[in-house]
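What follows is a short report on a single structure.
The values are calculated or read from the model by the stated rules, or taken from the named source; none is laboratory data. Computed from a prediction, not measured in an experiment: that's the story for all the values here. Here the Cβ positions follow ideal geometry from the backbone for every residue, glycine too, while neighbour counts run over all protein chains shown.
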């Protein structure tokens, strides 16, 4: 495989290479997001005090919803990137595999957080996992967009800047929360939830017209 599959191959072969990357990535995202619910599905419930048992599952429900939304946002970002990318090289494939490695790993820290969310170690593991995913995704976009390496030459710089800012949002919130989690797991979770209103602020501030 050539380093740049778009330099000497036909448009059809380049499109086929991109489609393979996207289809494989979508499958990993779909499997990972489905596995998140397994800790809830494995809960052993009895008729006695069922309401209390269901309420006791709220940490698992919280970790499931948080991870579902975050993975969903990463999938949307991944989808946006590969709508722009028009060539594939070896480094892009490796960076994409790194993103998928982080995605596939997320059901584990999600389950740990649901079962041991009051422990700092669980929050540190979760925040570190999310941070690595965010950094891998940002590196993927950086590689593709830098000097229009794998995107159209005339692509709007304002859109490039906007996607770059969005790609750094999760690391910017989850990395600081690692230190916070060592002192207060509850405060770390508050920081995680703030990611979503912050993304709305970023959209209003940085998104070019037509991308809000």
Residue under question is residue 26, and the condition is that it be over 15 Å from the mean Cα position of the chain (by Cα) and over 17 Å from residue 174 (Cβ atoms); does it hold?
no
Selection over the stretch 50-74 where residues are surrounded by 14 or more Cβ atoms within 10 Å (Cβ to Cβ) and outside any helix (DSSP H, G or I) yields a count of 1
Would you mind telling me which numbered condition in (1) surrounded by fewer than 23 Cβ atoms within 10 Å (Cβ to Cβ); (2) touching a helix residue (DSSP H, G or I) at 6+ places or on another chain (Cβ under 7 Å); (3) under 17 Å from residue 39 (Cα atoms) residue 113 fails?
(1)
How many residues of the stretch 27-49 are in a helix (DSSP H, G or I) and surrounded by 12 or more Cβ atoms within 10 Å (Cβ to Cβ)? The answer is 10
Per the filter on the stretch 86-124, residues over 12 Å from the mean Cα position of the chain (by Cα) and part of a loop (DSSP other than H, G, I, E, B) are 86, 87, 88, 117, 118, 119
Looking only at the stretch 168-177, decide whether some residue is over 27 Å from residue 82 (Cα atoms) and crowded, with 16+ Cβ neighbours inside 10 Å.
yes
Before we move on, is residue 77 touching a helix residue (DSSP H, G or I) at 6+ places or on another chain (Cβ under 8 Å), surrounded by 15 or more Cβ atoms within 10 Å (Cβ to Cβ) and either farther than 18 Å from residue 151 by Cβ or at pLDDT below 85 (or both)?
no
Breaking point among (1) touching a helix residue (DSSP H, G or I) at 6+ places or on another chain (Cβ under 7 Å); (2) over 21 Å from residue 169 (Cα atoms); (3) at pLDDT 95 or above, for residue 39
(3)
Residues to consider are 129, 137, 145; find the one that is touching a helix residue (DSSP H, G or I) at 6+ places or on another chain (Cβ under 8 Å), more than 21 Å from residue 208 (Cβ to Cβ) and touching a residue at least 12 places away in the same chain (Cβ under 8 Å).
129
Out of 19, 89, sole residue that is within 30 Å of residue 155 (Cα to Cα), surrounded by fewer than 13 Cβ atoms within 10 Å (Cβ to Cβ) and modelled with pLDDT under 95:
19
